[in-house]
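**Student:** Below is one structure. I have some questions about it.
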Amino acid sequence: MEDTNKCFDYDQYSEDKIITFKVKGNLFDDGFDLNITLNILKDFQYIMDKAYLTLVNKKKISEKDRELYKIKAINSKDKSLILDLQIYIGSTMQAAMPILSSYSPKQMWDLVKNGYDFISNITKARKQGKSVNIKQNKNIDKINVEIQGDEKDIIIDKNTYIFSNKAYDDYNKLSNYIDDENVEEISIYEKDFSEDANIINFDVNKKEIFKYKSRIHENILNFKGRIFRIDVDNKKGKIDILESKEKSIPLNQYNFKVLDDKDIKECCNYINKPTEFTALKKIIENPFLGEEKIECLIITKINEDNFK
C-alpha cells in the first residue's frame, strides 16, 4: 500500500537552488524569540519575491505565483538559527506559464546576490562622498557604473539594476536587525559553499553602510492640511497637505507625529477638518539612491483659525 503520509518530493518536478541562511547572536542562547525570527525571515522573503518579480516582469505576487515559486526551510540546526532554504519552481507550472521557462532558482539567487553587491558598492561610495555615475552600456542589457576614484567601471546586467531599485529598502530592513546583542550577524550563502566567504553578510560594520541617516530640518513650515488617520498610542498619524507656499513640501500625503500625549489628543479634535498647522520636517537620506525625502512631519502647533 502506498504511504500517503510520505512528503511530496519537490525534486521530482522542480528545479531548485539550496542556500544557507544563518542568524547568529544571543537571541538563540535559549530557544529564540519567534517574533524577531519570523520578521527576519519575512524580510528575506520580500527580497526573494522582488527577484522573482524582476525576472518575470511583474509588479505583484499573485496566488498563482505563490503556487509556482516557494522558499522552503528544509533543515534547521541548533545553537543559532541556521536554515537550509530551498528555492524551487515547479516544471508543471512552467508549462502553464511559458514566461517562466527561461528562468531558474539559480537566476533568482544570482540576482539577490548580485543586487546585494551592487547596493553595497553604491551605498558605500556615496557615504564616502564619492560621485556615482550610472549609464547605459553599449550592450543594451548591461549597465555601466562609474565610481569616483575607481580605475574600472562596475558592469552589471539590467535586471540587477532593476531588482536593486526594488529591493534596497528590504536589505536595509535586514541590516537593522543587527544590534550587537540579540542578533550579531546574518549570513546567507550557497549550501556547501565556504561560510567564510559570506556571500551576503550583515554585521555591525555592514549595518553602518546600509543605514539611512535622518535629521530634522530647522526651517519651520506653515501649511493647511487635513488629518485623516491617527494612532493615539504611538502619537502619530497621516495628514493630507491641502495648501502650502513652501516649495520644500509638495502637496501630498505624509506621516506625522507629535511629541506628547496632550498634542495627539488635540489632533483628534481636528480629524477630517481642514486646519492650519505649523511643523518641522524630518528628512531621511537614502544612501543608495543618493536622494532625500520627507520621512514625517513633526507638528508643533495647531492654529485655531480653520478654513472652509
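**Student:** Only one residue in 239, 200 is crowded, with 18+ Cβ neighbours inside 10 Å, assigned by TED's automatic domain parsing to the domain that holds residue 168 and touching a strand residue (DSSP E or B) at 6+ places or on another chain (Cβ under 8 Å), so which one is that?
**Tutor:** Just one listed residue meets the conditions, 200.
**Student:** Are any residues in region 281-308 part of a loop (DSSP other than H, G, I, E, B) and either modelled with pLDDT of 90 or more or not acidic (Asp, Glu) (or both), and if so, which ones?
**Tutor:** Selection gives 287, 288, 289, 290, 303, 306, 307, 308.
**Student:** Could I ask something else about it? Which pairs turn up if I take residues in region 265-285 that are under 15 Å from residue 248 (Cβ atoms) and look for partners that are β-branched (Val, Ile, Thr) and in a loop (DSSP other than H, G, I, E, B) with beta carbon separation below 8 Å, at least 6 apart in sequence or on another chain?
**Tutor:** Short answer, once both residue conditions are applied: 278/220; 279/220; 280/220; 281/249.
**Student:** Got a number for residues in region 133-153 being under 23 Å from the mean Cα position of the chain (by Cα) and buried (at least 18 other Cβ atoms within 10 Å of the Cβ)?
**Tutor:** 2
**Student:** Condition check: charged (D, E, K, R) and at pLDDT 80 or above. Does residue 146 satisfy that?
**Tutor:** Criteria met by residue 146.
**Student:** What are the residues in region 34-71 that are polar (S, T, N, Q) and within 17 Å of residue 85 (Cβ to Cβ), if any?
**Tutor:** 37, 39, 45
**Student:** Considering only region 242-262, state which residues are closer than 16 Å to residue 301 by Cβ and either crowded, with 16+ Cβ neighbours inside 10 Å or at pLDDT 90 or above (or both).
**Tutor:** Matches in region 242-262: 244, 249, 256, 257, 258.
**Student:** Something else: So residue 265 ticks every box in (1) under 15 Å from residue 300 (Cβ atoms); (2) part of a helix (DSSP H, G or I) but one. Which box is left unticked?
**Tutor:** Going through (1) under 15 Å from residue 300 (Cβ atoms); (2) part of a helix (DSSP H, G or I) one by one, residue 265 breaks only (1).
**Student:** Which strands (runs of 3 or more DSSP E) does region 119-222 wholly contain that include 1 or more residues that are of a type in the set (S, T, N, Q) and closer than 30 Å to residue 28 by Cβ?
**Tutor:** 185-190, 200-202
The values are calculated or read from the model by the stated rules, or taken from the named source; none is laboratory data. Just so we're clear, the structure is a prediction, and the values are computed from it rather than from any experiment. Virtual Cβ from ideal backbone geometry, glycine too; neighbours counted across all protein chains shown.
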